[in-house]
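Some notes on the structure that comes next.
Any read-out appearing in this document is the output of simple, stated calculations on the displayed coordinates, not a laboratory observation. This structure is a prediction, so every number in the text was calculated from the model and none was measured. No Cβ is skipped: glycine too gets one built from the backbone with ideal geometry, and neighbour counts run over all protein chains shown.
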Amino acid sequence: MPSSTLTPAPAAPAVAAPAPASAAPAVKVANPGPLGLAAFALTTFVLSLFNSGLISNAALSAVVLPLALFYGGLAQFAAGLLEFRRGNTFGTTAFVSYGAFWMSFAAYVKFVVPTLPADQAHVATGWFLVGWFIFTAYMSIAAMKLDVAHRVLFVSLALTFLFLALGDLAQSIALGHTGGFLGLFTAGVAWYISFAVVAKETWGRDVAPLG
């Protein structure tokens, strides 16, 4: 009588799974923040020396344009593009925008201002700065979620733009000088944050607190 038990089919020989290909090591992207902040700080510092009246020789102000184009402009713009690669929306928006600010400022001073009568140049510059005050004001609101140092930086920068704009629109030397001194303070804060981040990465610990 035939058996009712079914004989299992012979199992297929086991095939070893291919070893997974080793993943390429991830390329570490350096933090572009300190570069962008340093570029912003130095250019703002030099311009603010003139805006505050600490340097009154107008002929020396030509030193601002190369800084505005290459360091405050191109270097800061590049930092913003690197922040984009890191997925940092705030850093991208800030650095690309302020890099573009410095490049447009250099072009404006070089090519537009000389073609305008003095009174019209003050009005044009004032409204140019009002636009940047508005941008910086809403960036200041976004910065409230960051550390204390960044909050101080953006609020002081907004006040800098505001007083410089009012100084040009009202043709007030006092308001313009106030904006210049605020700019010096803003540059100092930006340098401080840049130093704090660089020092932390090189020392491996917090050296300068950001709050």
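Computed quantities for the displayed model
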quantity: C-alpha center-to-center spacing [the stretch 119-145, the stretch 62-114] in angstrom; calculated: 15
quantity: Phi to ³J(HN,Hα) by Karplus 6.51 cos²θ - 1.76 cosθ + 1.60 over the stretch 84-98, Hz, x for Gly, Pro; calculated: 4, 5, 7, x, 9, 5, 4, x, 4, 4, 5, 5, 5, 5, 6
quantity: The stretch 110-123 - phi-based ³J(HN,Hα) in whole Hz, Karplus 6.51/-1.76/1.60, Gly and Pro as x; calculated: 6, 10, 9, 3, x, 8, 9, x, 4, 4, 5, 5, 5, 5
quantity: Over the stretch 69-112, equivalent-ellipsoid semi-axes from the Cα gyration tensor in Å; calculated: 22, 9, 5
quantity: Label-point gap, in nm, between LEU74 and TYR138 - each point 7 angstrom along Cα→Cβ; calculated: 3.1
quantity: Value of relative contact order over the stretch 33-203, rounded to a whole percent, pairs C-alpha under 8 Å and six or more apart; calculated: 31
quantity: Gain in span if fully extended, GLN171 to ALA124, counting 0.36 nm per residue against the direct Cα distance; calculated: 15.7 nm
quantity: Equivalent ellipsoid, the chain (semi-axes from 5 times Cα gyration tensor eigenvalues, Å); calculated: 56, 19, 16
quantity: With Cα atoms, 0 to 90° folded angle of helix 33-51 axis to the chain main axis; calculated: 0
